[in-house]
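Notes to accompany the following structure.
The values are calculated or read from the model by the stated rules, or taken from the named source; none is laboratory data. Keep in mind that what you see is a predicted model, and the values were worked out from it rather than measured. Because the Cβ atoms are built from the backbone with ideal geometry, glycine has one as well, and the counts that use them run over all protein chains shown.
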Amino acid sequence: MQDDNYSSKTNYLGPNLSIIMEEMGNQIRLARLRRDYPSEIIAKRAGISRATLWKIEKGDASVSIGAYAKVLNALNMERDLLYIAKDDAFGKLLQDAKIENKYKR
């Protein structure tokens, strides 16, 4: 059964994820501007078009994570990718609850 607001042929993310993607794109744009790099230079270093860089800086979900990674690399920020899902607080809570339940018996 398919939700009226979602189609497998679209990049529907939902409001929360869309806001996060927009914020991430804006952070990438600000990092580029702080370094005083023109979009042409970063796009060239990343091996992508300026149009793709523009989409990344808007937080477009249709752009591959690889392209996002290339831009971070061009900005010398590639290690920031290591922070994705690093602090899995919810997973740790689930794991701890499972461990506690196992030893309560």
*asked:* List the residue pairs whose Cβ atoms are under 9 Å apart, where the first residue sits in region 76-93 and is within 16 Å of GLY66 (Cβ to Cβ), the second is among the aromatic types (Phe, Trp, Tyr) and part of a loop (DSSP other than H, G, I, E, B), and the two are 6 or more positions apart or on different chains.
replied: none
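On the given criteria, is ASN26 more than 15 Å from the chain's Cα centre (by Cα) and of a type in the set (S, T, N, Q)?
Numbers: more than 15 Å from the chain's Cα centre (by Cα): no; of a type in the set (S, T, N, Q): yes.
No: the conditions fail for ASN26.
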*Please name all residue pairs, on different chains or six or more residues apart, with Cβ atoms under 8 Å, provided the first residue is in region 35-48 and is within 10 Å of VAL71 (Cα to Cα) and modelled with pLDDT of 95 or more and the second residue is of a type in the set (Gly, Ala, Ser) and surrounded by fewer than 13 Cβ atoms within 10 Å (Cβ to Cβ).*
ALA43/SER49
*Starting from residues that are surrounded by fewer than 18 Cβ atoms within 10 Å (Cβ to Cβ) and among the hydrophobic types (A, V, I, L, M, F, W, C), keep the ones in region 39-66 and report whichever is nearest to LEU13 (Cα to Cα).*
ALA61
*Only one of (1) touching a Phe, Trp or Tyr at 6+ places or on another chain (Cβ under 9 Å); (2) not in a helix (DSSP H, G or I) fails for ASN76. Which number is that?*
(1)
